[in-house]
Amino acid sequence: MFVLEQVSMSFQDQACIRGVDLSIPAGTTTVLIGPSGCGKSTLLKLMLGLLYPDAGSVRFADQTVQPDNARALRQRMGYVIQEGGLFPHLTARENITLMARFLGWPGDVQVARVHGLRTLTDFPANALDRYPAELSGGQRQRVSLMRALMLNPDVLLLDEPLGALDPMIRRDLQNELKDVFEQLNKTVVLVTHDLGEAAWFADSIVLMRDGEIAQRGSLEDLVTSPASRFVEQFVNAQRQPEGFGA
Amino acid sequence: MKRPCLLVGALALLLITAATPAAAQDVLVIGSKKFTESVVLGEIALALATDAGAEATHLRELGGSRVLFNALRDGEIHVYPDYTGTLALELLAQDTGGRTVDDVVLRGLLATRGIRMTRPLGFNNTYALGMRETRARELNISTVSDLVRYPGLNFGFSNEFMDRADGWPALRSHYGLPQTGVVGMDHDLAYRALESAGIDVMDLYTTDAEITYYRLRALQDDKNYFPEYHAVFLYREELDQQFPAFVHRLNTLTGTITQDQMVLMNARVKIDRVSESIVAADFLQLDSAVQQENFSQRLRRTTLAHLTLTGISLGLAILIAIPLGVFAARRPHFGHLVLGTVAIVQTIPALAMFVFMIPLLGIGAPPAIAALLLYSLLPIVRNTYAGLHDIPVELQESAEALGLPPSAKLRLVELPLATRSILAGIKTSAVINVGTATLGALIGAGGYGQPILTGIRLDDMGLILEGAVPAAILALLVQGAFSLLERWVLPRGLRLAQAGA
Ligand SMILES: Nc1ncnc2c1ncn2[C@@H]1O[C@H](COP(=O)(O)OP(=O)(O)OP(=O)(O)O)[C@@H](O)[C@H]1O
Ligand SMILES: [Mg+2]
């Protein structure tokens, strides 16, 4: 679905992504993980066409993502960012249907679609007409997810969708999200810095360091055959406090 | 960005169309200068015009000689009173070489500009030196030459008279006056100084109302130093065809207003506080012709004029400033240019801004509206820019990621998010606008500035308050109205988000 070839990008003089090759097959869930500032969010934005590479190419469904087609391609991707990025002046429902309304979807189709998404994400019906300020953090994440899914995109890009939530809700939402991904059978790229969460979702984990891919594989691959000292350290560091079993 | 550009263009066009003098064809427009005598003469012309069956209006207190003369030349007004001396020595100085010339020459010079002049109305309002009657009698002074005998007298002259080449310096050498105690002072203060014997002699105009009030003696100009300032009416030549009856009546006035009558009329207005229209009607014995406006009628008229000035200028400013602010937020380079330009416009003193508009748009409401419009731009442009610029990055990114095209993004996401900031800018503009609009009266636009201006001229605190108090109340009302409006238009979600933050 996505094919990145030798993608490099820098902010001012600061190289941020260096020669990344990455291919993401349709229907799989890929998790980007790595220390803070390693370029996970930037890589996601490159895929979305919110940023463009200085060198190399980003291809989505066999088309190179470029300024002239990015907007059209983005309508086939759903994007969920940390903190949700919900528009405070619109209700939950208006946030979810903003793009559908702009595209002129008939009202009953919109209602049916929202109902389906609400059931899928287990979102309370009476909260649909509330404003983001009147929702809990978990509810906001769900609205953000519904907004991303509204146009039935081919892929779902999620940047730390559960980052700001407390552990209990986070666990619940992890379960729910996994169900959603399985039901929808979409291509998913998810960013997290929690290895446990990565293992929970991923068909394939991409561990990044300083704008490069340090290793790609299953959690088992990372644990049993780390490609470098960094991978070993990263896995061990995450292992101790979280205490998950591999 | 195409549509806002078109919009601005269309508005500019609208403004220019609105600015062309309306109904210049069938309404006779009379002007007057910014002092009592000119206003009285203007009212006399108005009463004559009405009596002659013409539809006429009087734009009072438009400004100085140059403003009135240019307005007449450009057809914005059709008639106004002036003085032969002013014409020869000031307005037509380029042609006369700055010397007094006779009326035939003046007529010829005016005719080349499409302007006609009546014969003198009677009185000569020139400079004179004045003393208290008692003091003059005591020293037996009745002419300027008599002053030579008293080198110790103190003189207090208006600053204009001190500085003018044909003022004090030339007068002194003409008469060989020996006095050294000469100071420049404000004209009104000079009257008081004369009364309290702080000075002995001051400059005055021979028809000043104060001459009777302070019991002054105007010394005779026995060596014919001062030029003659005979009052005349100037009018555009086409009035001969358009309003023949009025022109006829205007010419019957010639030679009928004596110096004493004019002093008395000035005094009735300035000292007895009788309105100029009544004084004019009394003089013409046309008491039925003028209907005296009462307080509430006057308030209604000034309020309407004021609201028109602020309403139109603010409305146009909003329509121009918001697209400019959007544009500034979109194009950083252009944005700095726009913000810098409107900020510079804002630094022009308001008074100067109004006067600058006269050559472009003439006098009356259109130039005042244009000046107010320019003045209202900055707060709205800046707040629109800031409102858009300060939208959190993640919201901009979300809108972008949804795939909304720029125009839809602006309409559905960015402008609603910037509402609070934009409204605050409009509110600031509106409050400034209401206050600044009082200056509109200086260029004939009416409004609350009119009673203030007249009040200053007549030294009438009541009249000043009649303009100042409603202006202040209006500003408060505007402020209140915007607070209500904010509740009404600000998206509910934003208010909640604000309360939570
Ligand atoms: N707009 C920007 N301008 C300049 N530098 C940027 C910008 N955005 C990101 N960077 C830099 O690029 C690098 C990668 O940033 P990125 O946001 O991709 O990190 P990340 O892996 O998502 O980190 P985190 O886990 O903290 O979210 C960082 O060093 C960051 O400082
Ligand atoms: Mg990030």
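The values are calculated or read from the model by the stated rules, or taken from the named source; none is laboratory data. Quick caveat: nothing in here was measured; it's all calculated off a predicted structure. Cβ placement follows ideal geometry from the backbone for every residue including glycine, while neighbour counts extend to all protein chains displayed.
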Would you check if A:A72 is surrounded by fewer than 22 Cβ atoms within 10 Å (Cβ to Cβ), under 20 Å from the mean Cα position of the chain (by Cα) and away from ligand 2 (no atom under 16 Å from the Cβ)? yes
Give me the residue from segment A:144-200 that is within 14 Å of ligand 2 (Cβ to nearest atom) and part of a loop (DSSP other than H, G, I, E, B) and, out of that set, farthest from the other protein chains (Cβ to nearest Cβ). A:D194
Go through (1) modelled with pLDDT under 90; (2) surrounded by 13 or more Cβ atoms within 10 Å (Cβ to Cβ) one by one and return the number of the condition A:L117 breaks. (1)
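Yes or no, residue by residue, for (1) basic (K, R); (2) outside any loop (DSSP other than H, G, I, E, B):
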position: B:P178; (1), (2): no, no
position: B:V183; (1), (2): no, yes
position: B:R192; (1), (2): yes, yes
position: B:L204; (1), (2): no, yes
position: B:T207; (1), (2): no, no
position: B:Y225; (1), (2): no, no
position: B:V232; (1), (2): no, yes
position: B:Y235; (1), (2): no, yes
Has segment B:56-64 got at least one residue that is part of a helix (DSSP H, G or I) and either under 23 Å from B:T302 (Cβ atoms) or modelled with pLDDT of 90 or more (or both)? no
Residue under question is B:L404, and the condition is that it be more than 21 Å from B:R300 (Cα to Cα), within 14 Å of another protein chain (Cβ to nearest Cβ) and not in a helix (DSSP H, G or I); does it hold? yes
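Does A:V7 satisfy the criteria of being more than 17 Å from the chain's Cα centre (by Cα), within 16 Å of ligand 2 (Cβ to nearest atom), in a strand (DSSP E or B) and among the β-branched types (V, I, T)?
Working: more than 17 Å from the chain's Cα centre (by Cα): yes; within 16 Å of ligand 2 (Cβ to nearest atom): no; in a strand (DSSP E or B): yes; among the β-branched types (V, I, T): yes.
Answer is no for this residue.
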Does segment A:61-69 include one or more residues that are within 9 Å of chain B (Cβ to nearest Cβ), under 22 Å from the mean Cα position of the chain (by Cα) and either among the β-branched types (V, I, T) or crowded, with 17+ Cβ neighbours inside 10 Å (or both)? no
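For segment B:439-451, does any single residue satisfy the condition of being assigned to a helix (DSSP H, G or I) and within 14 Å of chain A (Cβ to nearest Cβ)?
Kept after step one, since they are assigned to a helix (DSSP H, G or I), are these residues of segment B:439-451: B:439-443, B:449-451.
Now drop any that are not within 14 Å of chain A (Cβ to nearest Cβ), which leaves none.
The answer is no; no qualifying residue exists.
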Is it fair to say B:A343 is within 20 Å of B:L68 (Cβ to Cβ) and part of a helix (DSSP H, G or I)? no
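So which of A:D21, A:D62, A:D13 ends up being touching a residue at least 24 places away in the same chain (Cβ under 8 Å), of a type in the set (D, E, K, R) and more than 16 Å from ligand 2 (Cβ to nearest atom)? Steps first, answer last, please.
Numbers: A:D62 fails: touching a residue at least 24 places away in the same chain (Cβ under 8 Å); A:D13 fails: touching a residue at least 24 places away in the same chain (Cβ under 8 Å).
From the options A:D21, A:D62, A:D13, the qualifying one is A:D21.
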In the set A:L50, A:L32, which member is in a strand (DSSP E or B), within 16 Å of ligand 2 (Cβ to nearest atom) and either closer than 26 Å to A:H193 by Cα or assigned by TED's automatic domain parsing to the domain that holds A:A148 (or both)? A:L32
I need the full set of residues from segment A:36-59 which are within 14 Å of chain B (Cβ to nearest Cβ), hydroxyl-bearing (S, T, Y) and within 12 Å of ligand 1 (Cβ to nearest atom), in order please. A:S41, A:T42
Does at least one position in segment A:86-99 carry a residue that is within 16 Å of ligand 2 (Cβ to nearest atom) and out of contact with any Asp or Glu (no Cβ under 9 Å at 6 or more places or on another chain)? no
